[in-house]
1. Taking the stated definitions as given, is residue A:407 closer than 18 Å to residue A:126 by Cα, in contact with a Pro (Cβ under 9 Å, 6 or more places away or on another chain) and either at pLDDT 85 or above or surrounded by fewer than 24 Cβ atoms within 10 Å (Cβ to Cβ) (or both)?
2. Which condition breaks for residue A:186 when tested against (1) out of contact with any Lys or Arg (no Cβ under 9 Å at 6 or more places or on another chain); (2) without any contact (Cβ under 8 Å) to a residue 12 or more places away in the chain; (3) part of a helix (DSSP H, G or I); (4) more than 14 Å from chain B (Cβ to nearest Cβ)?
3. Which one of A:95, A:118 is surrounded by 16 or more Cβ atoms within 10 Å (Cβ to Cβ), within 18 Å of the chain's Cα centre (by Cα) and in contact (Cβ under 8 Å) with a residue 12 or more places away in the chain?
4. Has the range B:183-195 got at least one residue that is part of a helix (DSSP H, G or I), within 22 Å of residue B:18 (Cβ to Cβ), polar (S, T, N, Q) and in contact with a helix residue (DSSP H, G or I) (Cβ under 6 Å, 6 or more places away or on another chain)?
5. State all residues of the range A:213-264 that are part of a helix (DSSP H, G or I), out of contact with any Phe, Trp or Tyr (no Cβ under 6 Å at 6 or more places or on another chain), within 21 Å of residue A:36 (Cβ to Cβ) and of a type outside the set (Gly, Ala, Ser); if no residue qualifies, say none.
6. Can you tell which of B:190, B:162 is surrounded by fewer than 19 Cβ atoms within 10 Å (Cβ to Cβ) and at pLDDT 95 or above?
7. Would you tally the residues in the range A:339-384 being over 16 Å from residue A:25 (Cβ atoms) and within 13 Å of another protein chain (Cβ to nearest Cβ)?
8. Looking at (1) within 14 Å of chain A (Cβ to nearest Cβ); (2) in contact with a helix residue (DSSP H, G or I) (Cβ under 6 Å, 6 or more places away or on another chain); (3) surrounded by fewer than 21 Cβ atoms within 10 Å (Cβ to Cβ), which one does residue B:152 not meet, given that it meets all the others?
Amino acid sequence: MLPEYGILIVGYLVGFYMAWNIGANDVANSMASAVGAKAITIRQAIFIAGILNIVGATFIGSHVTNTIRKGIVSIEVLSDPHTALIGALSALLAAALWVSFATFKSLPVSTTHSIVGAMIGFGVMTGGLSVINWAKLGAVVASWVISPVFSLVIAFLLFKFIVKVVLSKDDPFEWGLKFSPLFIGSTLFVVVLSFLFKTPLGKTLALGNITAIVFALFSAATLGYFGKYLLTRILSRHQARVEEIFRRIQIGTSCYVALAQGANDVANAIGPLAVIYFLVKSGQVGATVPVPLFLLFFGGIGIACGIAMAGHRVMKTIGTKITTLNNSRGFAVDFSAATTVLIASKMGLPVSTTHAAVGGVLGVGIARGLEAVNFRIVFQIMIYWVLTVPAAALTSMAIFSILRTIL
Amino acid sequence: MRLPFLSMFVTSPFDGLQEHAEKVKECAWTFQQAMECYVAERCRRFAELRNEVTQMESDADVVKRRIRGHLPKGTLLPVDKFQLFRYLREQDSVLDTVEDALDWISYREQPGIPKELEKDLLLLVDSVVDPIEELSKMVAEARKYFKNYSEKQRKVVKDIITTLRQQEHDADKAEDVLKRKVFALDTLPTTVFHTVRLAETIGAIADHAQNAGDMMRAMVAK
């Protein structure tokens, strides 16, 4: 059993490295608008992002991890434990390699796409093209297109709404305060629901759908009004500027993004590792093996380490580059991105937080909310979609062939 | 590291627009000094002031090129890109025309403007400096409008544009008075030609400021 344990150790290391990369590269998405809009400092951003990524990964994350592991690649390829073990390891290695290459070359490559591509490569190597669940893969690819568009639409509508009911008023501060329970409450509503649905916590509480929604609505409304009370207390002494309200709310929404990001992205690092873990522990992988909580926690820690180590440099760039994004815009971007990612996460679709955030910024841009936004990044991202998946698949296949001859 | 999220944010052209407008304003003040110097009895600093204006004009050109060069295809702006460029062109023409006026004087610095016309010339100069000063204010107020889209703020911008129109009209009248008087004078034909052309060039400064205002009106249209 010695080589198996060796593989497990390597799996842990590479899984951690992947998580680290997610933290280092994607922290910008959750905290960029808040730091850019000067709602929080760099130090606060790193701290919040680290903690909430761990929380999100551990308590909301499990569902997605299942999907990547057994949704796209048919369970049949996992029947031979030895092959499956090598396969999962090569998928993880290939994805890690791609992410490193992308970071080195400064390419907008998503970790999500790398891991999905790598899993496909391994599946094809072991069972041919027939083991790929094309319908499922189609749904995943569709979610990559739909998620930025969805985020764009939410951001567009939300920003237009903010302009109409708050910013364009003669006394925007008063109106902002009036609507603050709605902004705070709707954010909390989605967060509470995501905790209650399809998570270990939700299962323990065993609330029905209706009860859960009612509970979420009630708590969101209560906390929303409490938030308004706090805002009134804090801000009445200040100069009555409406952006100050959004600045406070934005601290909350950037937490929301960090949470959603942890929940969604942890699967990229932990998915293949979970396969390895179960193969080594039990010798086989059943159809319904849950991902252990500690693996998710391990992934969350990895992401947090990445944030802690590379976050500072990234945030500094953000602070100087994103000067046109103020708090009301930042709120719209954060809200749309996090809502998109959480919904996708709950549906078991591995979408990219980056793409959701990009969609959100474009939505505000189309609503004429920003002084200058480069739309062309969309095409660049699309090119890398088309390139990353097959490239990661091929790399994974090559590593698989090598490992099979060695081990 | 280049993150997709970050590469979406390109430099705001409005920063540049504001900077350009400030340069134009500075230039207007130097222009005013140069004109006062030209009218004055013993003017030693005219050449120096003219060089200053030329220098500012080339500084502003750098800003202009930077704005144009940093707007890649597919940049989303709160306004139409062509409107922005046309606005910038008009704002830049203000500066070019100021430079033209000083150049024109330098071709025939002596014997200077006829005594009888000194006051009218200075009045004309003052009447074109006012609209130039409005430009930077207009850009700043327009930026505020693009932040909150409030009707109140739109009104502020529109009021500035109305002021610009009025000031252009005043400048036209001052130009008219000057030209009328110079023909009535018993003086050299070259002096008449020089003065008329000078009055027209200075008057054109206000025209360009007004054109800039009209482009701004299009930009803040709903």
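The values are calculated or read from the model by the stated rules, or taken from the named source; none is laboratory data. Computed from a predicted model, the values in this text were never measured in an experiment. Note that we place each Cβ from the backbone using ideal geometry, even for glycine, and neighbour counts take in every protein chain shown.
1. yes
2. The failed condition is (2).
3. Working: A:118 fails: within 18 Å of the chain's Cα centre (by Cα).
The match here is A:95.
4. Taking the range B:183-195 first, the residues part of a helix (DSSP H, G or I) are B:183-184, B:189-195.
The next check asks that each one be within 22 Å of residue B:18 (Cβ to Cβ); those that pass are none.
There is no residue in the range B:183-195 that is part of a helix (DSSP H, G or I), within 22 Å of residue B:18 (Cβ to Cβ), polar (S, T, N, Q) and in contact with a helix residue (DSSP H, G or I) (Cβ under 6 Å, 6 or more places away or on another chain).
5. Within the range A:213-264, A:243, A:244, A:245, A:247, A:248, A:251, A:255, A:256, A:257, A:259, A:261 qualify.
6. Values: B:190 fails: at pLDDT 95 or above.
Residue meeting the stated conditions: B:162.
7. Total meeting the criteria: 22.
8. In the conditions (1) within 14 Å of chain A (Cβ to nearest Cβ); (2) in contact with a helix residue (DSSP H, G or I) (Cβ under 6 Å, 6 or more places away or on another chain); (3) surrounded by fewer than 21 Cβ atoms within 10 Å (Cβ to Cβ), residue B:152 misses (2) alone.
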